[in-house]
Every structure is written in structure tokens, then in C-alpha cells.
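For reference, the structure is listed below as C-alpha cells.
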Amino acid sequence: MPGQIPLIGEKFPQMTVATDHGPITLPDDFAGKWFVLFSHPADFTPVCTTEFYAFAKRYEDFKKLNTELIGLSVDSTFSHIKWKEWIENELNMKIPFPIIADPQGKVAEKLGLLHAESATHTVRAVFIVDDKGTIRAILYYPLELGRLIDEILRMVLALQVGDKYGRAVPANWPNNELIGDKLIVPPASTYEEAMKRKEQYKCYDWWFCYDDNASEEEKKQAQEFLNRACSKQ
């Protein structure tokens, strides 16, 4: 419903949800941590199974970024448990993170996950929420298209790096075509500040300046996510 879907920059809506790990209160139970909440259309479906396998395979990468995962669909807790069991037994992959059970669609409706594509199954949404409970990014994918998990990892890292250094992150970071692995200096707020920019930083012009804040480890980590996204796993 217009005006009810949470937006980037807002606090993630307070709610207590049922999961296969027991009740979880969002965002309070993840206080001090980032979390990625991602919805999927249904358990026991091929595309969703490939996604959960991929998320689980990269779970330790998310944890290294102080980030937890939580899935969501309109299926029951029983269905989630049985599906996880099947994935572990048949594909040799344990799913370590909880999945929200939302058979009545109340959580999906609150988060704006039921789109015109289907009134009964959630689209593939992704909410990236920071350690203060603020929504930092929202992605939507259609039912038939699986997500690129390494790009979600790169997004979490880039948001954390931007926060850490007070900088913006360019396209395709750390392989930007114009400034490579550098970060963008925020816009000048006064004429005097603007005129000093070229003396303080490398710039294309006073409104497009950049510097080399990110550590080599952070750049390497982002590059690894990009490389893995482009390589055959």
C-alpha cells in the first residue's frame, strides 16, 4: 500500500516474527549488527533452492562483515524445517540462518513484498539494514530471476566502507572506470570550500573529487566478491 512500505533511510519496522529458530524481534535482536532480510516466493522451488544454497555457502563472508541473514516466505515453519533438511541431505549444505514463516502474508504485506506479479507469493526482495536498525538498501527481483549473492556482499561492504570514511562509493567499485578503487569526496557545501577542493584532492572538477581512504584489505575483499561473481563456481 502506498505510504506503508518502508523506505531507504527509515528505521526497519518493529515486529516480532515466527522463524524456524524461534521468535525473533526485528530489528532489536540484531542490535549492533547489520542484517540482510531476503524474501523468496516459496520453499521447495528450484530457483529459491539455488539461492539458499548460495547464501549458505557465503554465510561466513556475511558474518565477517558483522552481518546476519534472515530469509522470509509465506510458507510455514514446518515447511522451512523440512526444506532445510532436504537441502542438507540431498545437496550437502546446511542452512544456518533463520527463515521467517509468514503463511498469512502479514509480514510480506508490511514490507511491501506482494507485487502485481503474484498476490500469494513474495517477490525476491532484499533489505540491507545497518547496525542501528536503519534500512540502507532495498532490492527487488522478479520470481523467475535468482539473485547475485556476491553483489549483495559487495553492497554491504561498500556501505560500511562509505560510513567508515565519510565517502561515497563509485560504480563498479573497486574497479571504477574513472577513479579505480578510490572513494568520492562528498559535495562542497560552500563556495569557499568548493574553490579549495582541487588543492586538497584529486579532482576532475571541484564537484568531482576523490581520495584513497579505503584500506588495501577492504579493496581486496571487494575485489574478491567481484571476481567470484564473474567466475564459474
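Just a few scattered comments:
- Considering (1) over 30 Å from Gln221 (Cβ atoms); (2) surrounded by fewer than 20 Cβ atoms within 10 Å (Cβ to Cβ); (3) of a type in the set (A, V, I, L, M), the lone condition that Ala101 does not fulfil carries the number (2).
- Residue count for segment 115-155, restricted to those that are farther than 22 Å from Leu65 by Cβ, crowded, with 18+ Cβ neighbours inside 10 Å and at pLDDT 90 or above: 0.
- Residues that are crowded, with 16+ Cβ neighbours inside 10 Å, of a type in the set (Lys, Arg) and at pLDDT 95 or above were ranked within segment 159-200; the one that is nearest to the chain's Cα centre (by Cα) is Arg167.
- Looking across segment 201-233, just one residue is farther than 17 Å from Arg58 by Cα, surrounded by 15 or more Cβ atoms within 10 Å (Cβ to Cβ) and among the polar types (S, T, N, Q), and that is Asn213.
- Candidates are the residues of segment 55-94 that are over 20 Å from the mean Cα position of the chain (by Cα) and among the acidic types (Asp, Glu); the one that is nearest to Gly133 (Cα to Cα) is Asp75.
- Of all residues in segment 23-54 being assigned to a loop (DSSP other than H, G, I, E, B) and free of Cβ contacts under 8 Å to residues at least 24 places away in the same chain, the one that is nearest to Ile128 (Cα to Cα): Pro23
- For Gly71, the stated conditions do not hold, so it cannot be described as at pLDDT 95 or above, part of a loop (DSSP other than H, G, I, E, B) and within 24 Å of Pro6 (Cβ to Cβ).
- Counting only helices (runs of 4 or more DSSP H) that sit completely within segment 128-233, those holding 3 or more residues that are in contact (Cβ under 8 Å) with a residue 24 or more places away in the chain correspond to 149-165, 216-230.
So that you can scan it fast, the table gives a plain yes or no per residue for (1) modelled with pLDDT of 95 or more; (2) over 17 Å from Leu148 (Cβ atoms):
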position: His21; (1), (2): yes, yes
position: Asp28; (1), (2): yes, yes
position: Val36; (1), (2): yes, no
position: Thr49; (1), (2): yes, no
position: Asn66; (1), (2): yes, yes
position: His80; (1), (2): yes, yes
position: Trp83; (1), (2): yes, yes
position: Asn92; (1), (2): yes, yes
position: Gly112; (1), (2): no, yes
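The values are calculated or read from the model by the stated rules, or taken from the named source; none is laboratory data. What you see is a predicted model; the values in this text were computed from it and never measured. When we count neighbours, we look across all protein chains shown, and the Cβ atoms used for this are built from the backbone with ideal geometry, even at glycine.
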